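One structure below.
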Amino acid sequence: MKILVTGAYHKDHEKTKNLIKGLKLLGIKVIELPYRSLKVELAKKIALLSHNVDAVFLPGFTHSNVKQIKKISFAPVLFDPEISNFLTKVYDEKQVIPYTPRAAKHYYKDYRAFKYADLVFTETKQYKRYFMQKMGVKARKISVVPFGIDTSIYHPLKDLLPDEFFRVFTLIENVPLDSILLILDVAASLKGQNIRFDLTGINSEQTKIIKYMTDNEIRNVNLINYEDEKELNLLINYSSVCLGIFGNSKKSNLGIPKDLYKYAACRKPIISKNSLALKEVFTPGRDILAVENSAERIASMILELKNDPEMGQMVGHMAKKKIERDHHFRHSAAMLLKAMKKLKIK
């Protein structure tokens, strides 16, 4: 089987990279042809290649390319949006005012991509339901393929030096601001408890985060960055517990942050907001600690883990088993191929 991967995608993007590795691991011949803009000669090349492949796959963030590729491809077009432009810009990042021409533009960007793709992939059933209701996409056209983690990159480390603090870790790069502010409220409520919060990565709202910390005199929080995946794996391993997503954004209700898979692969206990999307992958009380969306409840669970390290070890152990069994990148690639076969792509 052959798959052509094309569009204005980034080869180093984690999900795309993992899916391609998984496909190759399963014996699929993958032809990669990323581009910045679709010139005439390149379009001719893609059209020619599409005669001899089983499918053309457009990875995340290639919404603008789907219609272009569909018009020149002789093979079915598969599309993994990864995000909804409309949902992200209008409701999560709040960069665009709802019910304005700009909001309509982002909606149409999603709608057009879903319309021209033969098969659309999404990471949760909740996102599938959203795309069906909001964009009018038929159920048979959407296949749920959860994120797959590379456990050779994210894994437990041995012989780490002991830490004087109980460390609470969370990646904030792609997390909505309301989730981060809630975590800062948790940190403020746990002053003097020998607990340190490591908020890692750079968020698009970093200035607001720093201002909130300054205004509320929150001093038990470190804002840190990292250079590469190896350093990130080390930082996760130094933590005592990891925090997922909270707040009231649509993203927190519909999706599962990819960071949770990294924490689980490192055998760390995870505390996250209880949601239907979360339950599609994890089992609350067994391999994740799902709590009410309040600073008091999150803080209480952190203290419970601090006072009962065996509980944290058990939850982390079960989370790692779950990831290894069901959410390695080869599993995601296998689910993608299964969805292709349902389209009778041979």
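A short reminder: the numbers here are calculations on the coordinates, not readings from a lab. Bear in mind the structure is a predicted one, so any value in this text is a computation, not a measurement. Here the Cβ is made from the backbone with ideal geometry for all residues, glycine too, and neighbour counts use every protein chain on show.
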**OP:** Rounded to the nearest 10 degrees, what's the angle between the helix 295-307 long axis and the longest principal axis of the chain, both from Cα atoms, 0 to 90?
**Re:** 70 degrees
**OP:** Compute the Cα gyration tensor for region 166-326, then decide on rounded, prolate or oblate, letting a ≥ b ≥ c be the square roots of its eigenvalues: rounded whenever a/c is under 1.5, prolate when a/b is larger than b/c in the other cases, and oblate in all that remain.
**Re:** rounded
Original post:
By its C-alpha gyration tensor, with a ≥ b ≥ c as the square roots of the eigenvalues, how is region 120-249 shaped: rounded for a/c under 1.5, else prolate for a/b larger than b/c, else oblate?
Top reply: oblate
Original post:
So what is the relative contact order of region 1-137, in percent, for Cα pairs below 8 Å that sit 6 or more residues apart?
Top reply: 23 percent
Original post:
What percent does the relative contact order of the chain come to when contacts are Cα pairs within less than 8 Å and at least six residues apart?
Top reply: 17 percent
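Expressed as a rounded percentage, what relative contact order does region 166-326 have, with Cα pairs under 8 Å and six or more residues apart?
In percent, rounded to a whole number, it is 24.
Holding the Cα-Cα limit at 26 Å, pick out from LYS250/LYS306; LYS70/LYS342; LYS11/LYS45; LYS158/LYS262; LYS21/LYS70; LYS158/LYS306 the pairs that are longer than that.
LYS250/LYS306
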Subject >> Distance (nanometres) between label positions extended 7 Å along Cα→Cβ at LYS105 and ASN274 >> reply: 4.2 nm
Original post:
Of LYS15/LYS341; LYS138/LYS338; LYS44/LYS125, which ones are farther than 27 Å apart at the Cα?
Top reply: LYS44/LYS125
**OP:** Whole Å is fine, so just give me how far the alpha carbon centre of region 37-103 lies from that of region 164-222.
**Re:** 36 Å
Subject >> Cα-based helix-to-principal-axis angle, 206-215 vs the chain, degrees rounded to 10 >> reply: 20 degrees
Original post:
What FRET efficiency do you get for LEU42 and ARG297 if R0 is 45 Å and r is their Cβ-Cβ distance, rounded to the nearest 0.05?
Top reply: 0.25
Subject >> 0 to 90° range, to nearest 10: angle between helix 101-116 axis and the chain longest Cα axis >> reply: 60 degrees
